[in-house]
Amino acid sequence: MKRIAFLLFVFVAVTCKAQMSPQSKKVTEKFFPELDITINTPAFQKKKGYTSYEELLSFLSDKTNNHKELMSMSFIGTSQKGKEIPMVHLNKKNDNTDKVKVWIQGGLHGNEMGSTESVLYLIEQLLNNSEYAYLLDKLEIKLIPMANIDGYEKENRYAANGLDLNRDQTKLNIKESVFLKQAFSDFGAEVALDLHEYKPYRKDFTALSTYGITSAYDAMFLYSGNLNVPESLRKYTKDRFVTAAQKVLDDNELLHHDYISTTKHLGNIHFNQGSESSRSSATSYALTNCVSTLVEIRGVGIGRTSFKRRIQSAFLISLAYLKTAYDNSDELKIEIEKAEKAQVNAVLNTKRKVYKDTIQTIDLDKNEAINFEVTIRDALQLQLLKERPRPFAYFILPEEKAIIDRLKILGIDLLLLEEEKEFEVQSYTVTEYEKETKKYEGVNRQTVNTKLKSINKSFPKGTAVVKMNQSNANMAMEVLEPEVKNSFITFEVIKTEQGAELPIYRLVKTDPSLR
């Protein structure tokens with residue numbers, strides 16, 4: 001009886017630690033020792049806490065004043081509580097007019113404090129470390145250090161209205177999301193990094209091994225497997241950029257993996273791997289024919305434990321991406337041009353490959369590294385279930401302002417009809433409809449199946465036309481095709497019902513009048 005009570009006590013203690021407590025000293029010393037490096041950012045000028053918003057502005061203003069030839073700062077908008085969102089622009093004035101445009105952001109989740117600090121450290125190093133000065137000869141970089149200011153100030157994942165900025169990349173229902181996406185679209189990034197931190201002690205981990213596990217990975221890479229992103233770009237992202245960053249981590253003895261997170265499937269714990277969802281940045285950016293990666297550093301819920309190690313990990317990855325872009329600038333532009341010309345069909349539904357694999361973890365009871373067998377549901381190996389031929393253009397009726405405004409923010413070019421004109425188009429009729437009763441990120445998601453019908457329809461002056469030979473056309477398919485999991489239909493930007501005709505139409509045949 002005493003042994004049972006003791007085992008119960010140990011299980012409860014480990015469970016609490018896995019869900020609430022910072023990383024233990026013995027785990028830190030054995031697996032994540034602090035690095036002996038100097039980091040000159042605000043959080044490291046004090047013993048407790050993180051860089052405050054005021055310290056952030058002071059730091060950036062100081063750097064701008066001392067490096068006017070390289071750095072400028074602007075504000076892309078305000079948070080819900082009225083705080084201005086700063087954006088840093090690093091650009092060396094020279095004769096190179098075809099620089100690679102790189103976008104780097106941090107602090108999208110307000111409880112991932114190391115991501116903001118990592119962006120500040122990167123800025124400081126690019127400006128003050130002569131070893132990296134050459135990078136700005138070929139690169140133009142825009143950085144958002146603190147995307148979610150209101151959440152950051154409360155060390156809370158969410159924006160002030162309780163919504164998740166990284167679940168809002170297509171529906172754009174959060175004020176900050178609109179400013180961030182507009183700035184990204186205006187810039188026309190060719191490489192994008194979104195720096196995050198992840199929680200190494202997950203609730204599901206308490207049920208694994210004897211008394212629970214914790215993640216062993218210093219960093220994880222989330223990049224897109226979405227089949228609406230051209231295959232050549234997906235492969236190039238992995239083979240050229242992710243692989244180069246992983247080698248740097250190997251050289252520095254930092255453990256890494258493709259991003260995995262637990263999910264429940266038929267009551268069992270499985271691991272999702274990779275990204276396919278355009279509601280988050282990794283795929284959303286990739287759909288604009290951009291080399292895109294979301295980087296997760298081990299850090300949420302462990303306070304300032306191993307803080308230098310975390311910042312250095314993110315810095316090394318960011319630097320690897322910059323160096324890769326610099327070293328392969330001509331090749332990169334060719335790959336992006338190839339992706340823009342790919343003309344892929346609209347992929348409506350896919351299925352993840354499911355298989356057994358091992359991941360590296362730390363057994364909390366024994367404080368030992370173990371290889372743990374798990375079931376992987378892999379978005380980097382998707383099976384195509386349903387697709388639809390790519391149209392020549394989409395038509396959106398002029399009264400659908402919510403759709404038109406969002407398309408513009410997503411960087412999609414629109415042509416407005418200057419007079420009423422008739423076209424032969426395909427219309428969508430909803431044949432199956434389901435609406436969730438529980439809200440997800442502020443909306444009741446809709447799931448539909450539709451039937452296409454060829455009709456002759458007269459479109460009024462002001463009808464928006466999305467031509468599909470533009471660079472961001474794959475994003476248009478992702479949000480306009482009703483059956484796609486993250487479409488405007490899914491997120492109630494367009495509300496519909498059984499039997500309804502949708503206010504979006506497909507032009508299948510090339511029309512010379514729209515050239």
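The values are calculated or read from the model by the stated rules, or taken from the named source; none is laboratory data. None of these values were measured; they are calculated from a predicted model. Glycine also receives a Cβ, built like all others from the backbone with ideal geometry; neighbour counts cover every protein chain displayed. SASA here: full protein model, heavy atoms, side chains in, ligands and nucleic acids out. Shrake-Rupley method; radii C 1.70, N 1.55, O 1.52, S 1.80 Å.
Out of everything in the stretch 302-315 that is buried (at least 18 other Cβ atoms within 10 Å of the Cβ) and either under 20 Å from the mean Cα position of the chain (by Cα) or among the small types (G, A, S) (or both), what residue ends up being farthest from V102 (Cα to Cα)?
Out of the qualifying residues, it is S306.
List the residue pairs whose Cβ atoms are under 7 Å apart, where the first residue sits in the stretch 335-362 and is in contact (Cβ under 8 Å) with a residue 12 or more places away in the chain, the second is of a type in the set (G, A, S) and part of a loop (DSSP other than H, G, I, E, B), and the two are 6 or more positions apart or on different chains.
E340/S471; Q360/A216; T361/A216; I362/A216
Among the residues of the stretch 239-255, are any crowded, with 21+ Cβ neighbours inside 10 Å and of a type outside the set (A, V, I, L, M, F, W, C)?
No, because not a single residue in the stretch 239-255 is crowded, with 21+ Cβ neighbours inside 10 Å and of a type outside the set (A, V, I, L, M, F, W, C).
Please find, among L417, L410, L507, the residue that is hydrophobic (A, V, I, L, M, F, W, C), more than 25 Å from N349 (Cβ to Cβ) and surrounded by 15 or more Cβ atoms within 10 Å (Cβ to Cβ). Quick ask: steps written out before the conclusion?
Working: L410 fails: more than 25 Å from N349 (Cβ to Cβ); L507 fails: more than 25 Å from N349 (Cβ to Cβ).
L417 is the lone residue from the list that is hydrophobic (A, V, I, L, M, F, W, C), more than 25 Å from N349 (Cβ to Cβ) and surrounded by 15 or more Cβ atoms within 10 Å (Cβ to Cβ).
Kindly provide the set of residues from the stretch 69-110 that are at positive phi, touching a residue at least 24 places away in the same chain (Cβ under 8 Å) and either among the polar types (S, T, N, Q) or not in a strand (DSSP E or B) (or both), ordered by number.
Correct list: G107 only.
This table checks each residue for (1) assigned to a loop (DSSP other than H, G, I, E, B); (2) touching a helix residue (DSSP H, G or I) at 6+ places or on another chain (Cβ under 9 Å).
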residue: T262; (1), (2): no, yes
residue: N272; (1), (2): no, no
residue: S277; (1), (2): yes, yes
residue: S292; (1), (2): no, yes
residue: E296; (1), (2): no, no
residue: A314; (1), (2): no, yes
residue: A320; (1), (2): no, yes
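Would you check if F184 is under 16 Å from the mean Cα position of the chain (by Cα), outside any loop (DSSP other than H, G, I, E, B) and touching a residue at least 12 places away in the same chain (Cβ under 8 Å)?
So F184 fits the description; yes.
Going through T350, T361 one at a time, which residue ends up being in contact with a Gly (Cβ under 9 Å, 6 or more places away or on another chain) and surrounded by 15 or more Cβ atoms within 10 Å (Cβ to Cβ)?
Values: T361 fails: in contact with a Gly (Cβ under 9 Å, 6 or more places away or on another chain).
Just a single option satisfies the conditions, and that option is T350.
Counting just the residues of the stretch 3-33 that are in a loop (DSSP other than H, G, I, E, B) and at pLDDT 95 or above, which one comes out surrounded by the most Cβ atoms within 10 Å (Cβ to Cβ)?
Quick first cut of the stretch 3-33, residues in a loop (DSSP other than H, G, I, E, B) only: 20-24, 32-33.
Then drop every residue that is not at pLDDT 95 or above, which leaves 32-33.
Working: F32: 21, P33: 10.
Per the stated criteria, the residue is F32.
Among the candidates T431, T463, which residue alone is more than 27 Å from D511 (Cα to Cα) and modelled with pLDDT of 95 or more?
After ruling out the rest, the residue left standing is T431.
Quick check, is L122 under 24 Å from the mean Cα position of the chain (by Cα), without any contact (Cβ under 8 Å) to a residue 60 or more places away in the chain and open to solvent by less than 10 Å² (accessible area, probe 1.4 Å)?
Numbers: under 24 Å from the mean Cα position of the chain (by Cα): yes; without any contact (Cβ under 8 Å) to a residue 60 or more places away in the chain: no; open to solvent by less than 10 Å² (accessible area, probe 1.4 Å): yes.
The answer is no for L122.
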